[in-house]
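The values are calculated or read from the model by the stated rules, or taken from the named source; none is laboratory data. None of the values given here were measured: they were computed from a predicted structure. Positions of Cβ are generated from backbone atoms using ideal geometry, with glycine treated the same way; all protein chains shown enter the neighbour counts.
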């Protein structure tokens with residue numbers, strides 16, 4: 001038997017009896033997949049791990065608190081033998097052989113009639129990897145191959161084209177703060193399968209170089225105080241390409257619903273009768289301070305944090321922010337789009353009671369290779385922006401958390 005490779009097959013165990021012998025770590029690792037497959041599981045073991053006991057308490061399996069006994073593997077479809085008793089394992093595998101039950105044995109794979117492959121899942125696909133050479137079984141190598149394939153499917157670097165017609169629609173994808181590795185797995189997968197990508201300057205630009213040459217990329221940048229593509233034009237582009245039957249990804253920086261005008265695009269698509277999938281992204285309001293060594297909350301220092309848009313100055317009648325109330329908070333204040341207005345913001349906060357010595361950090365191009373951090377106080381914030389020529393995009397953090405960790409730029 002050892003001279004021939006194993007024959008790969010997928011077992012359909014829904015509602016079918018499966019017996020697991022042993023309740024230790026091996027069973028704990030294997031049981032979730034059997035439960036997910038819908039198997040009718042009986043577990044035989046005097047003792048089990050706390051996690052296995054929780055599965056039994058939840059009704060996901062039946063636990064018989066005793067050792068293996070002859071007859072346990074009668075009228076079943078599949079057996080997993082994983083006790084610490086080698087003699088019991090040998091007797092159980094012999095019973096499985098007599099009853100023609102496919103049996104996995106954790107302590108001696110050569111004596112088993114079935115092997116468990118290294119498996120992973122991605123978008124409705126199960127990847128299963130088996131070692132073909134029985135004499136050279138290397139579980140770590142098998143698992144590494146599994147991981148490489150699954151990761152490639154998830155992050156879009158391994159693309160298997162769909163041969164069925166895809167339903168047209170739009171995916172509103174949050175690209176994260178700028179580092180291409182910080183986009184979500186789902187976002188990257190949708191990006192890899194897109195026909196059209198409509199992006200802006202805050203989206204992770206490096207991801208665009210990975211797109212196939214046939215993908216149409218539309219620049220919808222809204223540069224601060226500069227060139228921009230009107231929101232109505234962006235909405236129309238999304239609708240037009242989706243109506244042509246294309247898969248469209250709207251790639252935005254950060255999260256689509258955190259100052260990203262994402263809901264405006266969702267509403268426009270809904271009015272046009274076009275399906276839209278929203279994929280949340282990592283917001284720069286949390287990730288950029290973290291990348292610069294600043295926690296937005298910290299025990300004994302800040303129990304809350306507030307995120308505010310600074311694109312409109314406090315003395316502008318269009319402002320919707322209650323700056324006097326913010327000045328009274330003791331937690332962390334995170335300001336996005338506030339480079340041009342920080343001097344006025346600082347002045348307003350100080351005027352309403354915030355200490356001029358309150359620590360402040362400006363983090364430009366956060367999470368990218370160009371990231372830099374400039375530290376100041378409320379009293380010196382305006383001067384710091386000018387002296388260090390801080391440009392958008394930059395995240396501003398105000399509060400004692402600025403001084404909690406080491407300053408990487410120091």
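Tabulated data
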{"quantity": "Residues being within 34 Å of the chain's Cα centre (by Cα) and part of a loop (DSSP other than H, G, I, E, B) - total across region 51-71", "calculated": "4"}
{"quantity": "Members of region 76-103 found to be without any contact (Cβ under 8 Å) to a residue 40 or more places away in the chain, surrounded by fewer than 22 Cβ atoms within 10 Å (Cβ to Cβ) and not in a loop (DSSP other than H, G, I, E, B), listed by number", "calculated": "86, 87, 90, 91, 94, 95, 97, 98"}
{"quantity": "Unmet requirement for residue 8, which otherwise passes all of (1) touching a strand residue (DSSP E or B) at 6+ places or on another chain (Cβ under 8 Å); (2) at pLDDT below 95; (3) under 15 Å from residue 106 (Cα atoms)", "calculated": "(3)"}
{"quantity": "Test: residue 273 is without any contact (Cβ under 8 Å) to a residue 12 or more places away in the chain and assigned to a helix (DSSP H, G or I)", "calculated": "no"}
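Here's the yes/no breakdown for (1) crowded, with 18+ Cβ neighbours inside 10 Å; (2) under 15 Å from residue 284 (Cα atoms); (3) in contact (Cβ under 8 Å) with a residue 40 or more places away in the chain:
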site: 348; (1), (2), (3): yes, no, no
site: 353; (1), (2), (3): no, no, no
site: 360; (1), (2), (3): yes, no, yes
site: 363; (1), (2), (3): yes, yes, yes
site: 367; (1), (2), (3): yes, yes, yes
site: 387; (1), (2), (3): no, no, no
site: 395; (1), (2), (3): yes, yes, yes
site: 402; (1), (2), (3): yes, no, yes
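Residues are listed down the side, and each one gets a yes or a no for (1) out of contact with any helix residue (DSSP H, G or I) (no Cβ under 8 Å at 6 or more places or on another chain); (2) surrounded by 21 or more Cβ atoms within 10 Å (Cβ to Cβ); (3) in a helix (DSSP H, G or I); (4) modelled with pLDDT of 80 or more:
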{"residue": "151", "(1), (2), (3), (4)": "yes, no, yes, no"}
{"residue": "159", "(1), (2), (3), (4)": "no, no, no, no"}
{"residue": "164", "(1), (2), (3), (4)": "yes, no, no, no"}
{"residue": "170", "(1), (2), (3), (4)": "no, yes, no, yes"}
{"residue": "188", "(1), (2), (3), (4)": "no, yes, yes, yes"}
{"residue": "197", "(1), (2), (3), (4)": "no, yes, no, yes"}
{"residue": "203", "(1), (2), (3), (4)": "yes, yes, no, no"}
{"residue": "226", "(1), (2), (3), (4)": "yes, no, no, no"}
